[in-house]
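Inspection log for the structure reproduced underneath, given as structure tokens.
The values are calculated or read from the model by the stated rules, or taken from the named source; none is laboratory data. Everything numeric here is computed off the predicted structure, so don't read it as measured data. Ideal geometry is used to build each Cβ from the backbone, glycine not excepted, and the neighbour counts take in all protein chains shown.
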Amino acid sequence: MTVSTHPTVRLTATSQLPAVDLPVVGQGTWYMGEGLAPERDEIQALQQGLDLGLTLIDTAEMYGNGGAETVVGKALENRRDDAFLVSKVFPWNAGRDSTMTACERSLERLGTDYLDLYLLHWPGSIPLEETLEAFERLQTQGKIGRFGVSNFDVDDMQRLAALPGGGNCAINQVLYHLGSRGIEHSLRPWQRDHGMPVMAYCPLAQGGRLGQDLLNDTAIVTLARERDLTPAQLLLAWATRPIDGQRDVVAIPKAVGSQHVSDNASALGIELDSDAIAQLDSWYPAPTAKTSLDIV
């Protein structure tokens with residue numbers, strides 16, 4: 001293991017916006033705002049993450065029925081400019097006009113007048129043409145910077161790209177971790193060919209087809225200890241590893257405890273050695289055929 005300056009993933013420039021470099025590890029907020037932890041702890045965790053370089057914060061109107069957005073808004077009070085803020089719209093709210101209303105509600109809960117990135121949470125029954133039209137209107141109004149999608153498989157991405165404005169999709173957020181590597185067969189290569197990064201949710205294997213607790217896998221615990229890492233740091237470093245010299249994954253683990261936040265932030269500067277990557281690949285190999293997209 002070597003420690004380097006903080007690596008980033010680049011979102012390409014648009015006609016309205018310059019390119020932006022995102023940290024390879026950000027902060028997720030799923031299950032925040034639901035009373036599972038004291039709100040003050042959730043707020044402090046997000047602010048600590050910002051201080052440590054985890055400047056991307058991902059949330060959604062779904063999380064806690066808006067509760068997570070409210071927590072994020074409180075964490076960003078007087079420091080909105082410190083964060084690259086992402087939220088998501090329900091598929092059934094993604095119509096030509098309903099997207100506009102949903103975004104306004106999210107902005108109000110977040111206490112801001114703009115989102116850096118707004119995502120369609122998963123494919124739904126409303127035509128994508130309507131969602132794209134709404135996204136473009138929101139961009140024109142300055143309420144969102146970029147737009148993207150979540151839980152889109154390669155066929156979904158191909159359909160999106162074929163639509164007017166679909167090629168401006170900035171990112172696709174999907175489940176991705178060492179035990180769930182299905183995107184590596186078709187989806188991730190397609191996105192790399194189109195210069196579109198992946199945002200990885202559940203990067204610490206909290207969900208997906210494998211159904212195992214990788215954080216307590218004896219082999220992973222041992223490999224991490226040999227490199228003076230926690231298992232979580234090992235998994236984050238693996239998920240955000242460069243392939244052919246290019247980084248294209250931003251991982252968004254959620255953390256509430258101070259030590260957990262610190263551990264996640266430390267993963268920003270970790271580059272796994274080739275032996276560690278080879279060992280992990282042998283235990284949890286990449287798929288050799290197309291698999292259905294993992295979703296939780």
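Data table
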| read-out | value |
| --- | --- |
| Selection from the stretch 74-87 of residues that are buried (at least 18 other Cβ atoms within 10 Å of the Cβ) and either among the acidic types (Asp, Glu) or at pLDDT below 95 (or both) | none |
| Matching entry among GLY28, GLY49 (being touching an Asp or Glu at 6+ places or on another chain (Cβ under 6 Å), crowded, with 24+ Cβ neighbours inside 10 Å and in contact (Cβ under 8 Å) with a residue 60 or more places away in the chain) | GLY28 |
| Pair list, Cβ under 9 Å, 6 or more apart: the stretch 119-142 residue basic (Lys, Arg), other residue modelled with pLDDT of 95 or more | ARG137/ARG96; ARG137/THR99; ARG137/MET100; ARG137/LYS143 |
| Test: residue in the stretch 54-73 that is touching a Leu at 6+ places or on another chain (Cβ under 6 Å) and surrounded by fewer than 20 Cβ atoms within 10 Å (Cβ to Cβ) | no |
| Every residue from the stretch 1-30 that is under 20 Å from LEU236 (Cα atoms), in a loop (DSSP other than H, G, I, E, B) and at pLDDT 95 or above | VAL24, GLY26, GLY28, THR29, TRP30 |
| Residue check for ALA37: of a type outside the set (Ser, Thr, Tyr) and either at positive phi or in a loop (DSSP other than H, G, I, E, B) (or both) | yes |
| Filter pass, ASP244 being acidic (Asp, Glu), exposed (fewer than 13 other Cβ atoms within 10 Å of the Cβ), closer than 30 Å to PHE152 by Cβ and within 22 Å of the chain's Cα centre (by Cα) | yes |
| Qualifying positions in the stretch 88-127 - farther than 20 Å from CYS169 by Cα and either among the acidic types (Asp, Glu) or modelled with pLDDT under 95 (or both) | GLU104, GLU108, ASP113 |
| Matching option when the condition is over 20 Å from the mean Cα position of the chain (by Cα) and closer than 25 Å to GLU77 by Cβ, among LEU132, LEU115, LEU138 | LEU138 |
| Leading residue by the ranking (surrounded by the most Cβ atoms within 10 Å (Cβ to Cβ)) among those in the stretch 267-296 that are among the small types (Gly, Ala, Ser) and assigned to a loop (DSSP other than H, G, I, E, B) | ALA286 |
| Enumeration of residues in the stretch 224-266 that are of a type in the set (Gly, Ala, Ser) and either assigned to a helix (DSSP H, G or I) or in contact with a helix residue (DSSP H, G or I) (Cβ under 9 Å, 6 or more places away or on another chain) (or both) | ALA224, ALA232, ALA237, ALA239, ALA251, ALA255, GLY257, SER258, SER262, ALA265, SER266 |
